[in-house]
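Q: To start, I am sharing the structure in question, which I have written as C-alpha cells.
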Amino acid sequence: MIKVIAILLNITFLGWLGYMCAKEEIEIDWVSLFLFLLPVFNLIALILGKDLWIALYFKRKALEEKKKIAEIEKEIEKEDLN
C-alpha cells in the first residue's frame, strides 16, 4: 500500500513539475533537471524493487545482523546454563 502511494506521489510531483515548467514559472536549469530525475529514479526503484542490487545488499546486511544476534543469544544461553 505504501509503495502504491509513493508511486502515485512521484507521478503527481512529476506532473506538477512539468506543468510549472510549461507555464515557465520554473526555469529549466540544473536544479530543475535534478528535480525531474530524482522522482524518475525513485519510480524505477519502487517498481523494480526487489531486483535492484542495493535492495539485495541491504537484505544481506540485515540477514547477517540477524545471524550475529542469534549467535550471541546462543552464547548467552550456554553461559547461563554453566
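The values are calculated or read from the model by the stated rules, or taken from the named source; none is laboratory data. On a predicted model such as this, the values are computed, not experimentally measured, just so you know. Cβ coordinates were reconstructed from backbone atoms using ideal geometry, including for glycine residues, and neighbour counts include every protein chain displayed.
Q: Based on this model, can you work out whether Ile28 counts as in a helix (DSSP H, G or I) and out of contact with any Phe, Trp or Tyr (no Cβ under 7 Å at 6 or more places or on another chain)?
A: The answer is no for Ile28.
Q: In the range 17-39, what residues are exposed (fewer than 11 other Cβ atoms within 10 Å of the Cβ), among the hydrophobic types (A, V, I, L, M, F, W, C) and modelled with pLDDT of 80 or more?
A: Correct list: Ala22, Leu37.
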